[in-house]
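Single-structure report; data block below.
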């Protein structure tokens with residue numbers, strides 16, 4: 001094993017042996033090179049004042065070489081904020097500003113110990129880093145039965161984890177914290193589990209209430225007290241889009257510092273929060289009581305980044321940073337939130353109107369981009385295909401009964417027409 005990896009592992013062992021035990025084989029072996037091209041280039045940048053012949057970019061007239069055909073469309077930005085490689089951990093100022101945003105929006109983390117967010121190539125990349133660092137073949141990956149299908153690819157297919165599902169909802173349509181608890185405690189013999197908490201939930205658009213959130217934390221703490229090392233990933237992709245009574249903070253804050261056997265990992269991004277899906281800018285943040293543990297995890301994260309994408313796109317990071325610093329940012333974001341909330345409320349009023357008879361129920365939704373119908377009499381995929389063929393309407397079928405509808409991409413004035421068509425499609429198949 002490389003001596004740098006060995007040193008990081010020793011730092012983890014001395015800071016929190018349980019976090020070291022959580023690492024996958026790859027997680028134990030990975031490190032960020034201290035004496036490679038990047039470190040030598042950084043040293044040269046600081047000291048080579050005459051000629052710097054280190055990093056693999058081209059320069060011209062004292063700045064990065066670039067094409068006028070590109071720069072003329074980006075003239076609001078300085079070339080040095082677009083064309084050179086961004087650092088593997090991301091633009092330092094962006095990391096700082098995002099951390100400040102986290103503190104502002106999640107007051108419960110204010111007195112907790114957590115690291116500086118590391119920039120990822122959007123949220124999926126952050127989840128992939130978690131999988132690489134912590135998931136070995138056979139490790140339990142715990143998340144609800146209603147979930148984003150990419151978890152299976154990221155943790156199951158790529159890392160050969162064993163997917164352990166539990167029902168998302170109880171009979172009275174609350175978050176099934178008891179199901180989470182049982183799934184966790186079933187891993188007592190293995191002594192390790194990776195839990196994914198995704199709120200607002202994709203596909204249902206559900207975020208638990210405060211009491212349910214406390215029950216989730218209690219279940220994780222109980223597992224830790226039973227001797228299970230738990231990596232808890234808060235997938236906060238749709239953070240901030242809370243339209244009704246629910247948790248309004250990430251559970252990352254409530255989990256931080258709760259037990260030495262709990263490692264909270266926050267994965268989030270500008271992607272959906274700031275409506276910049278194609279920019280591909282996300283973040284991964286660790287919480288730990290020991291500063292050496294946080295440093296070691298950051299170094300290993302940078303090692304994974306260096307070994308895969310090398311670094312994130314610099315222009316996207318610059319665009320997001322400038323937006324976050326804009327004095328109009330909060331007001332503009334509030335405007336978009338109002339639009340999204342209006343769409344969600346419209347959907348709920350339509351579904352509660354009695355207009356559509358008893359051909360479906362709907363799962364609770366109070367946040368995010370989506371909601372799910374539970375069809376009573378027709379197959380979800382048959383309906384999906386029928387809606388496309390006959391009416392030019394697209395929806396997502398999940399299993400036999402569930403149909404996901406993204407109200408996020410339908411104007412409020414068109415929502416009634418959309419649900420009228422879905423209802424007509426159901427009647428077509430019944431007839």
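The values are calculated or read from the model by the stated rules, or taken from the named source; none is laboratory data. Please read all numbers here as calculations on a predicted model, not as lab measurements. So basically every Cβ, Gly included, is an ideal-geometry build from the backbone, and we count neighbours across all protein chains shown.
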Query - Boolean, residue 399 is touching a residue at least 60 places away in the same chain (Cβ under 8 Å), touching a helix residue (DSSP H, G or I) at 6+ places or on another chain (Cβ under 9 Å) and on the phi > 0 side of the Ramachandran plot - result: no
Requested in this report: Can you tell me which residue among 213, 282, 257 is under 14 Å from the mean Cα position of the chain (by Cα) and modelled with pLDDT of 95 or more?
Outcome: 282
Report task. May I ask you to verify whether residue 339 is over 23 Å from residue 202 (Cα atoms), in contact (Cβ under 8 Å) with a residue 60 or more places away in the chain and either assigned by TED's automatic domain parsing to the domain that holds residue 126 or surrounded by fewer than 20 Cβ atoms within 10 Å (Cβ to Cβ) (or both)? Result -> no
Query raised in the report: Going by the structure shown, is residue 74 surrounded by 12 or more Cβ atoms within 10 Å (Cβ to Cβ), part of a helix (DSSP H, G or I) and in contact (Cβ under 8 Å) with a residue 40 or more places away in the chain?
Result: no
Query - Selection status of residue 238, assigned to a loop (DSSP other than H, G, I, E, B), touching a helix residue (DSSP H, G or I) at 6+ places or on another chain (Cβ under 6 Å) and touching a residue at least 60 places away in the same chain (Cβ under 8 Å) - result: yes
Query - residue 209 vs. criteria crowded, with 19+ Cβ neighbours inside 10 Å, touching a strand residue (DSSP E or B) at 6+ places or on another chain (Cβ under 9 Å) and farther than 19 Å from residue 286 by Cβ - result: no
Report task. May I ask you to verify whether residue 356 is closer than 30 Å to residue 98 by Cβ and touching a helix residue (DSSP H, G or I) at 6+ places or on another chain (Cβ under 6 Å)? Result -> no
Requested in this report: Test residue 201 against the criterion of being in the same structural domain as residue 268 (by TED's automatic domain parsing), touching a residue at least 12 places away in the same chain (Cβ under 8 Å), within 21 Å of residue 272 (Cβ to Cβ) and surrounded by 23 or more Cβ atoms within 10 Å (Cβ to Cβ), and give yes or no.
Outcome: yes
Query raised in the report: Does residue 15 satisfy the criteria of being in contact (Cβ under 8 Å) with a residue 60 or more places away in the chain and out of contact with any strand residue (DSSP E or B) (no Cβ under 7 Å at 6 or more places or on another chain)?
Result: yes
Report summary line: Being assigned to a helix (DSSP H, G or I), outside the structural domain of residue 314 (by TED's automatic domain parsing) and either touching a helix residue (DSSP H, G or I) at 6+ places or on another chain (Cβ under 9 Å) or modelled with pLDDT under 95 (or both) narrows 53, 44 down to just 44
Query - Among the candidates 53, 86, residue that is over 26 Å from residue 192 (Cα atoms) and surrounded by 12 or more Cβ atoms within 10 Å (Cβ to Cβ) - result: 86
Requested in this report: Determine whether the range 216-229 contains at least one residue that is surrounded by 20 or more Cβ atoms within 10 Å (Cβ to Cβ), at pLDDT 95 or above, under 19 Å from the mean Cα position of the chain (by Cα) and in a loop (DSSP other than H, G, I, E, B).
Outcome: no
